[in-house]
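Okay, structure first, notes after.
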Amino acid sequence: MIVFDQVGKRYRSWQGREVRALEDFSLEIAPGEVFGLAGPNGAGKSTLISLLLGFLGPSTGMLQIDGLAPRRYVERHGVSYLSELVNIPPTWRVTSALRRYAILAGLPSHEVHARVESMLETLGLEEHRSKRVRQLSKGNLQRLGLAQALLGEERVIVLDEPTHGLDPVWTQRFRDVLDQLRRPDRVILIASHNLDELARLADRVAIIDRGRLQRVVDVRANERTVTEGAPYRIVVASCDTRVGDVFPGAREVASGEFEVRALSLEDINAGLVRLMQSGALVRAVYPVHSPLEQQFREAVGVQVSAGREESR
Amino acid sequence: MSRTMSTSPQVTRTELSARTTARLGGYALWQIRDYLMDRGAPTVLVGALFGYMVSGPMMGAMNMRLERLSPTALAQMGGYETVRASMVTELTSTALELLLGNLVFLGALFAMNGIVANDRKLGYYRFLFSKPLAPERYYGQAFVLHWAGFLGTITMLGLVYQALVGPVLTTRLYAAVALLYLCYAGIAFALSAAARWDWLSLVAVTVASNYAWGRFGETRSALAGLLYLFPPIHRTGEVYSAVSKGTTLPWSLLAWFAAYGAASFVIGLVVLRVRRLAIV
């Protein structure tokens with residue numbers, strides 16, 4: 001459904017310096033997928049989304065949605081889009097903003113009212129319906145952005161940092177909404193810094209760094225793999241002095257909480273058996289980084305030095 | 001719900017070709033509302049202020065002249081109503097000559113200020129044009145509606161003037177105002193589609209045109225032909241003078257204004273079609 005074929009995007013800065021925002025980017029996203037985009041700041045995620053919506057044109061390569069150039073596709077079918085910055089004229093009122101976007105989304109006039117009301121309810125904006133956009137809090141503005149994106153029944157949904165500014169309740173509600181949006185003929189693309197969020201929501205995640213696709217992670221398959229040497233955290237309720245004996249090199253990061261670098265899943269299990277046999281009560285064992293985060297760290301070369309994390 | 005791709009049924013071409021289109025006609029009411037609230041109201045305010053500043057003292061002077069005329073003199077001149085009507089005609093002619101140029105220029109400036117550029121600068125284009133909507137259609141419609149809106153504000157100002165002073169709205173006035181507005185607004189539209197500082201660009205084009213035509217308009221050099229790239233803004237006075245004096249409108253000149261504005265508008269539409277909306 002969405003094809004990036006060796007897509008590149010170069011800008012020229014006002015000083016005449018060439019900036020390569022995206023290079024040789026190839027990827028295919030199939031209908032039915034929830035696809036994640038992850039990458040550090042400036043990695044090229046926003047450029048990629050602008051290309052996908054036809055707001056920018058590629059410098060090299062080819063990009064198509066359903067066999068059409070992006071701008072052409074958007075003008076024919078529309079795309080449900082939530083941008084990272086929710087830009088809506090500040091003097092518009094919540095309800096009127098949604099009505100306007102509903103008309104532009106092509107909703108028949110007799111459906112506009114019901115659809116807007118439904119979105120106001122779904123996204124908890126009823127009590128803010130008559131407020132002007134400038135009066136909304138960051139979280140409410142984000143929900144309004146999401147509401148305008150979901151007014152239509154588009155087959156391509158692009159959400160850039162969708163949970164940015166949402167409180168935990170609305171973050172959870174957003175996940176529920178997203179689950180309802182899954183459809184076999186629909187592509188949902190989510191760009192986020194929040195890897196846990198992507199791990200929960202996406203089927204596959206593309207990791208981008210410095211304008212290049214570093215790797216595509218199959219989230220479900222990845223959950224079942226254990227990366228060699230990935231650090232684990234062990235929390236013990238008693239006999240914490242034994243942890244160092246069983247796991248040489250274990251570092252105490254908090255009272256009763258140790259970080260160990262395992263060689264394999266077998267080594268961790270064997271160590272835990274010895275620890276419990278020595279009388280320790282283990283309260284929790286979990287990987288320091290989720291499998292996706294581990295992949296991300298490897299892909300973008302995040303280094304851990306002296307307790308401080310540094311991105312390359 | 002399935003989280004794998006393998007279970008997704010293939011979507012047929014028939015479903016894919018289903019097309020959605022923005023209801024631009026339905027959106028026209030919002031665009032005209034935006035014009036009236038954000039641009040028409042300031043135009044009316046500025047127009048009313050200018051009108052008051054120009055016509056107020058003249059009205060005072062006219063009334064004073066009327067009061068000083070003796071009943072005999074009034075009777076000799078055809079009576080109070082006749083004399084007043086003649087004075088009002090004179091006043092209106094002067095007021096129009098002084099006001100109309102500024103009003104049309106400012107009206108176009110207000111109506112077109114940031115019409116495209118602001119949406120690009122402030123990022124409003126993102127939500128607008130993720131909808132099934134072509135920018136040139138959206139802004140093309142806005143241009144036409146703003147034009148109609150401007151003529152509406154001129155009507156409103158004219159009616160106020162008519163109520164306080166005397167008749168002013170004529171077909172000739174509408175024709176002249178509409179075509180001169182088209183010239184300024186067309187240029188402003190093209191500049192807004194192409195540049196960020198559109199209002200400044202319009203002022204620059206106006207000043208540069210006046211200067212270029214004034215400085216080189218009489219030369220016989222082959223390069224003088226290049227002057228025709230500039231709008232004939234140096235000749236707007238001829239139109240306003242014809243409107244205010246009630247003489248025949250210079251239709252060929254008005255056609256030049258209209259053609260220049262229409263061509264600029266089309267250039268603006270082409271720019272919108274070809275140019276990408278994101279600012280990098």
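Assorted remarks:
- Working from label points 7 Å from Cα in the Cα-to-Cβ sense, the B:K121 to A:D5 distance is 4.0 nm.
- Partner aspartates and glutamates for B:K245 [C-alpha distance under 19 Å; skip if fewer than 8 residues away on the same chain]: B:E90, B:E97
- Global geometry of chain B, whether rounded, prolate or oblate, following the gyration tensor of its Cα atoms and the 1.5 cut on a/c: prolate
- Per residue of peptide A:47-54, the mean number of Cβ atoms on other chains within 10 Å of the residue Cβ is 3.
- Length gained on full extension, A:R72 to A:R12: 19.0 nm, using 0.36 nm per residue less the C-alpha separation.
- Residue order, fewest to most surrounding Cβ atoms within 10 angstrom, among B:R273, B:R68, A:R210, B:R120: B:R68, B:R273, A:R210, B:R120
- The aspartates and glutamates within cross-link reach of B:K121, meaning a Cα-to-Cα straight distance under 12 Å and a gap of 8 or more places when in the same chain, are B:D198.
- Cβ-Cβ FRET estimate between A:V273 and A:E252, R0 fixed at 25 Å, reported to 0.05: 0.75
- Over the C-alpha trace of the stretch A:231-288, radius of gyration and Dmax come out as 9.7, 26 angstrom.
- Likely footprinting exposure, A:H113, A:H77, fewest C-beta neighbours within 10 Å first: A:H113, A:H77
- Averaged over A:78-89, number of beta-carbon atoms from partner chains that fall within 10 Å: 5
- Centre-to-centre, using Cα atoms only, the stretch A:44-65 and the stretch B:235-262 are separated by 47 Å.
- Counting neighbouring beta carbons within 10 Å and listing from fewest to most, the residues A:K45, B:K131 come out as A:K45, B:K131.
- FRET efficiency, 1/(1 + (r/R0)^6) with R0 51 Å, evaluated for A:Q180 and B:L200 via beta carbons: 0.60
- Test item: B:132-141 mean partner chain Cβ contacts at 10 Å: 3
- Length gained when the stretch B:A262-B:M77 is fully extended (0.36 nm per residue, less Cα-Cα span): 61.8 nm
Every read-out reported here was derived from the displayed coordinates using simple, explicitly stated rules and does not represent laboratory data. From a predicted model like this one, the values you see are computed outputs, not experimental measurements. Here the Cβ is made from the backbone with ideal geometry for all residues, glycine too, and neighbour counts use every protein chain on show.
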